[in-house]
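Down below is the structure, laid out as structure tokens.
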Amino acid sequence: MDNSRVFWTEDLSIAFGGLLAVDRVNLDISRGEILGLIGPNGSGKTTIFNLVTGIYTPSTGDFFFEGESLLGKPAYQIARKGIARTFQISRLCLDLSVLDNVFIGMHYRQKYWLVDAVFRRRLLAREVSQARDRAFSLLGVFNEELVDLAGKPVGTLPQIDRRRVEICRAMAMEPKLLLLDEPSAGMTPEEMTELMQDIKKVQEESEGISIIIVEHDMTVIRSISDRVVALNYGRKIAEGTFEEVSDNAEVREAYLGKRGHRL
Amino acid sequence: MDDQQRTLAGPWGIIILLGVELIIYVLFLALLLVPGGEILAAEALLLVAAVFYFRRNPALGARIQQLFAAHARIAWIGAVVLVLLIPFFIASSPYWLFTIIIAGLFLTACLGLNLQLGSSGMVNLASAAFYAVGAYAAGLLALGWGWPAWITLPAGAVMAGLFSALLFVPVLKTKGHYLALVTIAFQFMVTILLDNMEWTGGPQGLKNIPLFSVAGYSFNTAINLGFIKLPAYANFFYLMVLVVAVVGVASQRIYSSWVGVTLSTIRDDEIAAQTFGVQVNRWKLVIFSLGNCFIGLAGAFYSHLVGFISPPNFAFDKSLVMVSIVILGGMDNVFGVIVGSLLLIILPEKLRVVQDYRFLIYGLVLIIMLIFRPRGLVPFKARDFLDLAGPVRRKRAASASSTVSEGGA
Amino acid sequence: MTFLDILLQQSINGLMLGIMYSLVAVGFTLYFGVLDVINFAHGDFFMLGGFMALMLYAIAEAVGFAGNALVVVIYLFIGSMILTGVVGVVTERVCVKPVSKAPMLISLLVTLGLGIAIREAVRVLYPRGSDPKGFPTLMPQGSFNVGNIVIRYENLIIFGLGIAVIMAVNFLINRTKMGAAIRAVAQDGEAAMMMGVDLDRTIDITFLIGSAVAAVAGIMNGFYYGQTMFNIGAMMGVIGFSAAVIGGLGNIYGAIVGGILFGLLETFAAAALPYGAENKRVFAFLIVILFLVFRPTGILGEKIFERV
Ligand SMILES: Nc1ncnc2c1ncn2[C@@H]1O[C@H](COP(=O)(O)OP(=O)(O)OP(=O)(O)O)[C@@H](O)[C@H]1O
Ligand SMILES: [Mg+2]
């Protein structure tokens, strides 16, 4: 087994009732790589993320992180191994402050809990203050203004900033593998480019982090990913460089047949 | 703007602040001491007028808030002194003193319920049942084994915490309406069982539970200070203030900590919480038990306050009152719970002038308030941790002026 | 009496109660379907139905129209169903629908508050409302035996009536255009609206039916026990909701099955368990909790995957 593979799946599958949403998919990603995951609507991209973060349990198949099988592990344990994600439909807590939302990303690294919260405020205060500095520097990468808005409820921010906060929350976990589910959905092309640059920047700063990114926008995929995997009806239909995949006949058909997507 | 800031910081600011506290205090005492319903109507009008005034001048409200933030310590000292003086002003009316103690017990219980319902989103409509566990535990231990009250009080809390285990599985497996149903069913089960079991005294309940006494000093003695004689309830009052202070400070500290952040996230989105490494189940159980401990503590206190408990004291309607306090006051918000318990316990007593209609009014007010102000009287405020981690120090010199925050205490 | 006799006798008693519970449970399921709310005040409509009948009876007596028992009974049922149904629709408009989109806790507390308001309104407005109120005996008394089993005429009539109402509701929901609208809204409100269903009207009608059916149960309860009281609604609400959940929330047949199951559980617990008579509901609620934990979708509900 070669060491550079951080994460891989083996014949990962799940069925909802009669529907095979993910069908014997084999993925792998090495350290520092950015893998683009594409496919028409309903092809199972989000479901794969849900499987490998422990939200759904696979019907069959297995998946490995740093050589260890994570099959059947609860979501929180998988997270603690170092897999972080964002959600296609944002799952920020809108009533909570920006800071709170980023803090939850640091959850399991915190040391001072219930008893300390009541009796050892000093220690907690120091930890909070350090965490806040880290949160600010993360937020600052994406948007300086977010730092000033850190005490405001996330619900008061514009959509694009919410996306950024969500990525910050995942980055706050200092993950080794980051799963981004359509991070640029609903953005203008300029905003998209900006976001991709930010993501690149983040990746360079935290060296060695691997990213799987789901995107519908092919310019984004082309510009950011080292390698691309295409899905259709839950099956992997192509894999390789962007050019290889986009030239693949089956991929073209999947997109054109479905809804005339331009590649 | 800068001018204003300076006046706020100076002695005038402090005087204004204490003035505001004093006005609220006087209005509160007047409500209790002036007989009849007119005072209630007058103050209600005043309140409505004030609300409208502050709506039209939000700047004024904001300044008062700043004032309290800037002098948090003085504001606290002022408030504590005023609270401690309450028995002196209403010495002539033990009935109201008793009612305030009851409000304090509800406050204690509701701080526990708030941890479950407000902070973590776990519906608990069986709070009266856990209140009963605390009360009966204290009563039985005191009657059966002669344990002194300073042991039965924590014992009642612990017992309620232990009884939480009965609902551990449902708490993890159900949520929303279903958890509501589970807890209502549990509540009814407990009331029915209390009624039918012999060792809890059946429908008669427990009688002659010894009232508090510490080191030979019975709480049932009036306090004679020479210039004034405080009714015996004053003893209970001060003990209640102590309990509320401990539970209140603990609650506020939990709120303003990693635990608070974690619970809020669990409440708003369990899946997201799990995805970031939160052991959702573990936290739910810890908080469910801890909340019930607070509720049980209040129940145990109640036992030793009135000396006589029976099943109707712990029926479903008590659970309802507690839930209304938390929701009407404002969820996940210690201050909201304080406001809620004062209003919902003291107002119905004041409404005794309309005797028969008071529960009808209660129901209607509940509906109206929730439809028009679903976030409660004191809505949840997003955490900024300024109180804990201090004001934000900007490292990047480039980003100019340092008007980021007004600072905490 | 042999064991079999006891079993049969208890089954008959349980069925009686069960039918009554089913009628209440149907309302919970209907409301949950069209509005996604649990109306915790629903038990109080059950109580209100009984009191409406009492009021109508008092009026009938006052004007000297209490002659033919059959006519009076019909008048009581129809009158109370209409009045209770109207109250149901009005309260739905004023306070249930406005909170149906709010967080679950808010709708929970509002409907609980509505329950208090209805209960207290009855207590305050009805003459000597705090006391238990006797129900008139309008049904034929006496009983007959089948083997060793005793069956009272009154119970038989009530039972038959309950079955008839359930069949009527079933017909309404599954065979009429109105019922189709209700089912469409329950499936997907937005889609139903696009297909031309008048959402508000459908919700009104649902509450009209739900409250009227609860009223029937309330009157049956009055005749069965010979009396009623202003505060019986809270418990009946919990039982009705429990029954709806055991059966499978959102499913009419589920509500019926759940109600009957709850009735049977209660009567068997009372007959078979030590201290059963007093604690029968403790046992029944225990079963409900077990259901919620191990089969939250109920007997007839289907398993659903939570979408992420
Ligand atoms: N919880 C679920 N229950 C039932 N079916 C599901 C569930 N989650 C996903 N599916 C189905 O699985 C298939 C794959 O869905 P998935 O969300 O993974 O697609 P996707 O590739 O992310 O599409 P999109 O580009 O629209 O986000 C779809 O047919 C979807 O309806
Ligand atoms: Mg998707």
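The values are calculated or read from the model by the stated rules, or taken from the named source; none is laboratory data. Since the structure is predicted, the reported quantities are computational estimates derived from the model, not experimental observations. As a convention, Cβ positions derive from the backbone with ideal geometry for all residues, glycine included, and neighbour counts pool all protein chains shown.
This table checks each residue for (1) surrounded by 24 or more Cβ atoms within 10 Å (Cβ to Cβ); (2) within 16 Å of ligand 2 (Cβ to nearest atom); (3) more than 17 Å from C:D36 (Cα to Cα).
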residue	(1), (2), (3)
C:R201	no, no, no
C:F207	yes, no, no
C:A214	yes, no, yes
C:A234	no, no, yes
C:A270	no, no, yes
C:A284	yes, no, yes
C:V288	yes, no, yes
C:V293	no, no, yes
- prompt: What single numbered condition from (1) away from ligand 1 (no atom under 11 Å from the Cβ); (2) of a type outside the set (V, I, T); (3) within 14 Å of another protein chain (Cβ to nearest Cβ) fails to hold for A:G44?
  reply: (1)
query: Filter segment B:263-272 for residues that are in a helix (DSSP H, G or I) and at the interface with chain A (Cβ under 7 Å from one of its Cβ atoms); which is farthest from A:L96 (Cα to Cα)?
result: B:I271
message: assigned by TED's automatic domain parsing to the domain that holds B:P348, buried (at least 24 other Cβ atoms within 10 Å of the Cβ) and within 21 Å of B:W199 (Cα to Cα): which single residue out of B:A126, B:A160, B:A109 fits that description?
response: B:A160
- prompt: Across segment A:15-47, what is the number of residues that are over 27 Å from A:E207 (Cβ atoms) and either surrounded by 15 or more Cβ atoms within 10 Å (Cβ to Cβ) or within 16 Å of ligand 2 (Cβ to nearest atom) (or both)?
  reply: 16
statement: Counting only residues in segment A:15-37 that are within 20 Å of A:E239 (Cβ to Cβ) and near ligand 1 (Cβ under 9 Å from one of its atoms), the one farthest from the other protein chains (Cβ to nearest Cβ) is identified as A:L37
- prompt: Out of curiosity, is A:E174 within 16 Å of ligand 2 (Cβ to nearest atom), touching a residue at least 24 places away in the same chain (Cβ under 8 Å), within 13 Å of chain B (Cβ to nearest Cβ) and under 22 Å from A:I83 (Cα atoms)?
  reply: no
- prompt: In the set C:I299, C:I260, C:I256, which member is more than 14 Å from every other protein chain (Cβ to nearest Cβ) and assigned to a loop (DSSP other than H, G, I, E, B)?
  reply: C:I299
task: Provide a single number: the residues in segment C:108-126 that are assigned to a helix (DSSP H, G or I) and more than 7 Å from chain B (Cβ to nearest Cβ).
output: 7
- prompt: When you look at B:L113, is it within 25 Å of the chain's Cα centre (by Cα), part of a helix (DSSP H, G or I) and of a type outside the set (V, I, T), yes or no?
  reply: yes
message: Exactly one condition in (1) within 16 Å of ligand 2 (Cβ to nearest atom); (2) assigned to a strand (DSSP E or B); (3) among the aliphatic types (A, V, I, L, M) is false for A:I55; which is it?
response: (2)
statement: From the option list A:L157, A:L177, single residue qualifying as in contact with a strand residue (DSSP E or B) (Cβ under 6 Å, 6 or more places away or on another chain) and either closer than 26 Å to A:G36 by Cα or surrounded by 18 or more Cβ atoms within 10 Å (Cβ to Cβ) (or both) is A:L177
- prompt: Picking from A:N101, A:N50, which residue would you name as being within 14 Å of chain B (Cβ to nearest Cβ), within 15 Å of ligand 2 (Cβ to nearest atom), assigned to a helix (DSSP H, G or I) and within 18 Å of B:Q279 (Cα to Cα)?
  reply: A:N50
- request: Answer yes if at least one residue in segment A:207-222 is within 20 Å of A:R169 (Cβ to Cβ), among the hydroxyl-bearing types (S, T, Y) and at pLDDT 90 or above, and no otherwise.
  value: yes
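Quick grid of which residues meet (1) under 27 Å from C:A117 (Cβ atoms); (2) assigned to a helix (DSSP H, G or I); (3) of a type in the set (V, I, T):
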position	(1), (2), (3)
C:L30	yes, yes, no
C:G33	yes, yes, no
C:I38	yes, no, yes
C:F45	yes, yes, no
C:F51	yes, yes, no
C:F65	no, no, no
C:M81	yes, yes, no
C:T84	yes, yes, yes
task: Please indicate, with yes or no, whether at least one residue in segment B:59-79 is touching a residue at least 24 places away in the same chain (Cβ under 8 Å) and among the basic types (K, R).
output: yes
message: Criterion first (farther than 29 Å from B:V246 by Cβ, buried (at least 18 other Cβ atoms within 10 Å of the Cβ) and out of contact with any helix residue (DSSP H, G or I) (no Cβ under 9 Å at 6 or more places or on another chain)) does A:G105 satisfy it?
response: no
field: Lone unmet requirement of (1) within 11 Å of chain B (Cβ to nearest Cβ); (2) within 16 Å of ligand 1 (Cβ to nearest atom); (3) of a type outside the set (A, V, I, L, M, F, W, C) for A:R80
entry: (2)
